[in-house]
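The values are calculated or read from the model by the stated rules, or taken from the named source; none is laboratory data. Remember, predicted model here, so these are calculated numbers, not experimental data. FYI the Cβ positions are ideal-geometry reconstructions off the backbone, even for glycines, and counts take in every protein chain you see.
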Amino acid sequence: MGGLNILIQGGLLGGFYALFAIGLSLSFGIMRLVNIAHGDFIVLSAYVGMLAIQGTGLDPFSSLVIVVPAMFVLGYAVQRGLLNFTLAGGLLPPLLVTFGISVIIQNGLLQGFGAYDHRLHEGPIETASLHLPGGIDVGVYPLVVFAVAVLGIAALQLLFYQTRLGRAFRAVSDDADTAELMGIDNRKLYALALGIAMVFTAIAGVLFGIRTIFDPAAGPIRLILAFEAVIIGGLGSMWGTLVGGMVLGIAQAIGAALNPNWQILAGHIAFLVILIIRPNGLFPRTRD
Amino acid sequence: MKIKSAKSRPVRPAKVDRGRRQVIRFLAAGSAAAMTSPWVFQSSRAASRPIKIGMITPETGPIAAFGEPSQWVADGVSKFLGDGIVVAGDKHKVQILNRDSQSNPNRASEVAAQLINNDNVDIMVASSTGDTTNPVSDQCELNGVPCITSDDPWQSWFFGRKGDPKKGFQWTYHFFWGFDQVANMYAEMWLSIPTNKKAGVMLTNDPDGIAASDPQHGLPATLRSHGFDVNYLGLYPPLSDDFTAQITQLKNMKADIACGIFNPPQFAIFWTQCAQQGFQPKIMTPPKALLFPTAVEALGDRGAGTSTEVWWSHHHPFKSGLTGETAQQYCDAYEKASGKQWTQPLGFKHANLEVAIDALKRAKKLDAASIRDAIAQTDYKSIVGPITWKGGPTNPVPNVCTTPLVGGQWEKGTKWKYDLEIVFNKTAPEIPLDRPFTAIQYS
């Protein structure tokens with residue numbers, strides 16, 4: 001496999017990882033919420049998409065019209081009704097509560113949908129590809145995923161740096177107590193933040209469901225890669241999360257080209273090396 | 001629930017006069033207290049204590065698809081047995097204690113220990129991958145409880161537990177096919193259609209893949225011995241998200257045949273990327289990935305023509321020795337009750353229980369050693385084929401009985417989206433062929 005091909009395929013895989021990580025990056029960046037259930041929320045979104053498709057006959061892309069608002073409401077409700085009560089006690093309580101949510105989602109899905117696999121079908125776009133010179137084939141669907149990740153991050157960036165809401169988010173992230181003194185209702189803001197994070201989780205979930213098979217237990221393994229992308233990119237930096245995802249993807253592609261067995265390992269090693277050289281990630285935007 | 005209700009109700013004694021006496025005693029006492037009086041309870045229990053069968057399968061977690069039919073199978077067998085079976089002249093009720101291994105070997109070991117120590121099971125059955133069969137068998141071997149397992153290639157069960165082919169095990173028995181059978185079956189099935197005999201093989205870096213990569217007896221070696229030009233692409237991590245590196249190699253070698261161990265989600269990614277990268281092999285045989293029809297449905301239209309190993313199907317010419325149902329009738333009943341398509345583990349779940357019940361019926365006494373001796377003397381026709389541990393051609397090592405293996409290909413179905421058709425049976429001619437093996441048709 002040529003060097004250029006490795007970069008392209010690895011970069012596209014990185015877009016997929018970045019898309020997974022956006023929701024986590026948001027909730028981690030703003031609330032320091034270590035959302036153990038993030039992978040399960042992605043899988044849950046895929047199931048919500050499946051229900052929406054079965055109920056309305058929409059195709060997976062269009063089903064986002066239903067899945068995105070549904071997950072936003074769920075995110076808002078979970079933060080307002082549950083996670084907000086855990087924030088005062090330090091890092092551990094929200095960690096444990098989201099772990100519990102993870103178990104509940106997995107077993108709830110198993111009860112509701114059974115253990116067998118499911119997938120969302122988007123049609124010919126799944127296998128379509130562009131043939132570049134030099135014998136490089138680029139899948140159209142991975143390109144779409146990459147574009148969605150870039151657009152999503154650009155939209156968040158606008159929200160963060162061009163709106164009042166974004167300013168409030170940044171203020172709360174930097175110093176929650178002072179922000180509250182300035183008249184910001186942290187609880188409401190946190191609920192909105194998880195709601196918005198869930199919007200991206202919803203998109204990631206549906207696109208994940210088109211890319212491969214999902215079952216109730218598919219969530220947790222998605223968590224670690226999303227985390228690594230966030231940490232590599234640096235806390236609070238959305239573009240950093242995209243770069244983090246691409247670093248992981250390209251490192252994996254290089255590893256796989258050398259020896260298939262090194263693929264996943266290469267990603268983890270890249271993560272460790274960056275953590276050693278730059279403990280705060282590549283582009284940290286928030287003070288810790 | 002079941003255990004409680006069985007305990008709180010006195011078991012009806014077999015003989016009429018005893019029954020009448022008990023009725024008189026009941027009337028004399030004139031109250032419900034008699035029903036729970038320890039003396040009545042114990043006398044009837046002593047006459048026939050219930051037999052307990054422990055059953056462990058993965059019903060939740062990553063490999064829950066294997067355990068999906070477990071509860072239905074256990075309920076069906078319980079219902080069929082009704083008021084019990086006769087063991088050594090006495091009739092005993094049978095309780096099947098179905099437990100979930102959560103796809104986790106530690107959990108499997110834990111529930112096995114609970115069934116042995118708290119529930120005092122008389123016999124244990126367990127199935128579906130070494131993560132369940134091996135820890136459960138180890139617990140039983142340690143505690144001297146007779147145990148029958150299935151649905152895990154026998155080498156991984158026998159050698160994975162450090163079995164010595166000279167001695168075997170004391171308490172634990174297993175029936176399933178082996179890695180040697182599957183490699184030979186693939187090679188012969190592929191030889192039945194014209195190809196350039198170039199095969200690319202990739203394996204997962206997990207116990208299954210490592211066993212299959214054995215340099216002498218593994219998959220690549222066996223295929224080479226049948227004259228295939230094998231490019232072994234090495235082990236890859238089981239949770240991989242990208243296969244372009246391997247697909248590039250397959251394309252470069254112009255492989256007509258692609259074979260690899262995959263978990264279903266990884267195969268879905270691989271097969272999609274093959275299409276994106278323009279790689280169209282004539283034969284695609286991914287062991288393990290396409291056992292379940294839902295995994296094939298998930299591939300969309302591209303599932304048609306993929307091939308897999310078949311250990312059991314609705315067309316297998318075997319009947320349950322317990323209920324007399326044919327494979328077809330059994331699958332129909334499952335489909336009607338669950339609304340889901342039959343799967344291969346279904347037959348083995350039933351076989352696991354019926355083989356255990358056959359041994360119980362033949363036991364000379366209701367104790368562990370007698371039950372174990374009965375298992376060793378098994379010569380039984382089950383819904384998955386003949387099972388014996390008496391030391392015949394189907395016993396490659398002690399305690400292991402092999403079951404027949406044929407080749408299958410997924411085809412667009414009528415009742416369900418995809419049907420598994422048997423396309424190669426030279427390895428087990430008693431199983432009828434649905435149609436000959438064909439190359440994948442690309443539109």
Go through segment B:340-384 and give me each residue that's surrounded by 24 or more Cβ atoms within 10 Å (Cβ to Cβ) and assigned to a strand (DSSP E or B).
B:S382
With respect to B:P293, is the statement that it is at the interface with chain A (Cβ under 9 Å from one of its Cβ atoms), touching a residue at least 24 places away in the same chain (Cβ under 8 Å) and closer than 22 Å to B:P436 by Cα true?
yes
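Is it the case that A:L235 is touching a His at 6+ places or on another chain (Cβ under 9 Å), surrounded by fewer than 24 Cβ atoms within 10 Å (Cβ to Cβ), touching a residue at least 60 places away in the same chain (Cβ under 8 Å) and not polar (S, T, N, Q)?
On the way: touching a His at 6+ places or on another chain (Cβ under 9 Å): no; surrounded by fewer than 24 Cβ atoms within 10 Å (Cβ to Cβ): yes; touching a residue at least 60 places away in the same chain (Cβ under 8 Å): yes; not polar (S, T, N, Q): yes.
It is false that A:L235 is touching a His at 6+ places or on another chain (Cβ under 9 Å), surrounded by fewer than 24 Cβ atoms within 10 Å (Cβ to Cβ), touching a residue at least 60 places away in the same chain (Cβ under 8 Å) and not polar (S, T, N, Q).
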Could you tell me whether segment B:55-75 includes any residue that is touching a residue at least 60 places away in the same chain (Cβ under 8 Å), in contact with a strand residue (DSSP E or B) (Cβ under 8 Å, 6 or more places away or on another chain) and more than 30 Å from B:D208 (Cα to Cα)?
no
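It is to be established whether one or more residues within segment B:104-117 are part of a loop (DSSP other than H, G, I, E, B) and either crowded, with 24+ Cβ neighbours inside 10 Å or at pLDDT 95 or above (or both). Break it down stepwise before answering.
Of segment B:104-117, the ones part of a loop (DSSP other than H, G, I, E, B) are B:104.
Adding the requirement that they be either crowded, with 24+ Cβ neighbours inside 10 Å or at pLDDT 95 or above (or both) leaves none.
No, that holds for no residue.
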Give all pairs with beta carbons closer than 9 Å in which a residue from segment B:313-325 that is within 17 Å of B:P345 (Cβ to Cβ) meets a residue that is aromatic (F, W, Y); count only pairs at least 6 apart in sequence or on separate chains.
B:S313/B:W342; B:H314/B:Y330; B:H314/B:W342; B:F318/B:W312; B:S320/B:Y330
Do we find that B:T402 is closer than 22 Å to B:R161 by Cα and modelled with pLDDT of 95 or more in this structure?
yes
Could you tell me whether any residue of segment B:224-233 is buried (at least 19 other Cβ atoms within 10 Å of the Cβ), more than 14 Å from every other protein chain (Cβ to nearest Cβ) and either modelled with pLDDT of 95 or more or more than 25 Å from the chain's Cα centre (by Cα) (or both)?
yes
What number goes with the only condition from (1) free of Cβ contacts under 8 Å to residues at least 60 places away in the same chain; (2) over 27 Å from A:D175 (Cβ atoms) that A:F214 does not pass?
(1)
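For (1) farther than 30 Å from B:N399 by Cα; (2) out of contact with any strand residue (DSSP E or B) (no Cβ under 7 Å at 6 or more places or on another chain); (3) part of a loop (DSSP other than H, G, I, E, B), each residue gets a yes or a no:
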{"residue": "B:Q170", "(1), (2), (3)": "no, yes, yes"}
{"residue": "B:A183", "(1), (2), (3)": "no, yes, no"}
{"residue": "B:P194", "(1), (2), (3)": "yes, yes, yes"}
{"residue": "B:L203", "(1), (2), (3)": "no, no, no"}
{"residue": "B:P215", "(1), (2), (3)": "no, yes, yes"}
{"residue": "B:K251", "(1), (2), (3)": "yes, yes, no"}
{"residue": "B:K254", "(1), (2), (3)": "yes, no, yes"}
{"residue": "B:C274", "(1), (2), (3)": "yes, yes, no"}
Just a yes or no: is a residue in segment B:244-262 surrounded by fewer than 21 Cβ atoms within 10 Å (Cβ to Cβ) and without any contact (Cβ under 8 Å) to a residue 12 or more places away in the chain?
yes
Exactly one condition in (1) more than 14 Å from every other protein chain (Cβ to nearest Cβ); (2) in contact with a Phe, Trp or Tyr (Cβ under 7 Å, 6 or more places away or on another chain); (3) within 22 Å of B:T129 (Cα to Cα); (4) of a type in the set (S, T, Y) is not met by B:T323; state its number.
(3)
Can you say whether A:R287 is modelled with pLDDT under 90, more than 9 Å from chain B (Cβ to nearest Cβ) and over 17 Å from A:L24 (Cα atoms), as far as the supplied structure shows?
yes
Single residue of segment A:73-128 satisfying the filter (of a type in the set (S, T, Y) and either under 19 Å from the mean Cα position of the chain (by Cα) or modelled with pLDDT of 90 or more (or both)) that is nearest to A:N186 (Cα to Cα):
A:Y76
